[in-house]
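This report concerns only the one structure given below.
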Amino acid sequence: MFTIPNTMTGIQLIGHGGPEMLKCSNNIPVPKPEVNEVLIRVSAAGVNNTDINTRIAWYSKSDGSDSDAGWSGSALDFPRIQGADVCGVIVAVGDNVNKERIGERVLIEPCLNEANGRLLNSPWYYGSECDGGFAEFTVVAANHAYAVNSSLSDIELASFPCSYSTAENMLTRANVTSQDRVLISGASGGVGSAAIQLAKARGAYVIAITSPKKNQQLLELGADQVISRDADLLDVLGENSIDVVIDLVAGKQWTQLLNVLKPHGRYAVSGAIGGALVELDVRTLYLKDLSFFGCTVLLPEVFKNLVNCIEQGKIKPLIAQVFPLEEINTAQEIFLKKQHVGKIVLKVSKS
């Protein structure tokens, strides 16, 4: 029988700033599950843009202030354990949770509507407004811990929650069907590569934007066509040629994304790594009857649909590299170089 220790190893974010703000500690108290919560022994946790954005206070819109630097637009409490992509096993449950759930292998839904034993007025992000999975143990509301029945490894499963749920949410919001031509920016990253697979699972024609050296990997992943991220989209695709844009980049190419959309086209965005400030000609928006979808909070059906896709083998994990938890700085450094395709995952448990 597994004995829960009193302390654990984890990575604590001690303030906003550079990698030096990530402290590895081996004497963090193991959290206890409160009412409606489960305690999970973390097996593996993925690295995401959100972790780095939170660390450097990228979400803050205030000059010289960290009062709105959290994912939800409020200040963070430090120290904070980050990590939104988690696969692990339930080892204890709080009141109101069936004890038969102990032993379940689970994935954690990263967008939370319940935490600390209560329903939230506005969503939290796991690993931002509350502690996440960059530690040996974590607690989460039981309804955000989804049992998963799969032959995939824990490391492979940890590549799914954040990126794939974000991608599935964007496709759901934009109502992507088999009749659509879908253009995906930032297609080689975690969310982009997930969007390729999930859009193909819906039967859509998928065009991926990436660097030329990653073309073959994305074609093997299912993309029907690959375009260089430096290409002129109007020259390559033509005006009014795309039904749906799944945008993870924004930046200087943003105007072109709208120009290639057909009348009544749908634009869904969940990232701005190419630059958050863009210029909109409002006439393009209303004369083409475009629909814009800002996608952050997951729709209720999204994570369950994702788990079903995993269990049915409709999507596959794409692992770029694996690092031990203690090497998180190296993992994030490589992540920021954007030379990889797929997910970088941290191995957390020692067994």
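Taking all protein chains together, Lys252, Lys288, Lys262 sort by accessible area into Lys252, Lys262, Lys288, largest first [probe 1.4 Å].
Between Leu120 and Ala276, the contour length at 0.36 nm per residue exceeds the Cα-Cα span by 53.4 nm. Can you give me the % of accessible surface on the chain that is carbon or sulfur? Probe 1.4 Å, all protein chains present, nothing else counted. Result for the chain: 48 percent of the exposed heavy-atom area is carbon or sulfur. Helical content alone sets the calculated 222 nm signal of the chain at -6000 deg cm²/dmol, taking -39,500 (n - 2.57) per DSSP H segment of four or more residues and averaging over every residue. Probing with 1.4 Å while keeping every protein chain in the model, the per residue accessible area of the stretch 131-237 equals 33 Å². With respect to the chain, whose longest principal axis is taken over its alpha-carbon atoms, helix 302-311 is tilted by about 80°. The Rg/Rh ratio for the stretch 202-351, using Cα coordinates for both the radius of gyration and the Kirkwood hydrodynamic radius, is 1.00.
The long axis of helix 161-173 is offset from the longest Cα principal axis of the chain by roughly 40 degrees.
Mean sequence separation of contacting Cα pairs (under 8 Å, at least six apart), scaled by the length of the chain, corresponds to a relative contact order of 17 percent. For the pair Gln179 and Val322, label points projected 7 Å from Cα toward Cβ lie 4.4 nm apart.
Fully extending the segment from Glu311 to Lys32 would add 97.5 nm, taking 0.36 nm per residue of separation and subtracting the current Cα-Cα distance. Taking other residues whose beta carbon is less than 11 angstrom from the beta carbon of His144, and scoring Lys, Arg as +1 and Asp, Glu as -1, yields -3.
The values are calculated or read from the model by the stated rules, or taken from the named source; none is laboratory data. If you're wondering where the values come from, they're calculated on a predicted model, not measured in any experiment. Reconstructed Cβ throughout: ideal geometry from the backbone, glycine too, with neighbour counts over all protein chains shown. The protein model used for the area step is the full one, side chains on, heavy atoms only, and it has no ligands, DNA or RNA in it. Shrake-Rupley method; radii C 1.70, N 1.55, O 1.52, S 1.80 Å.
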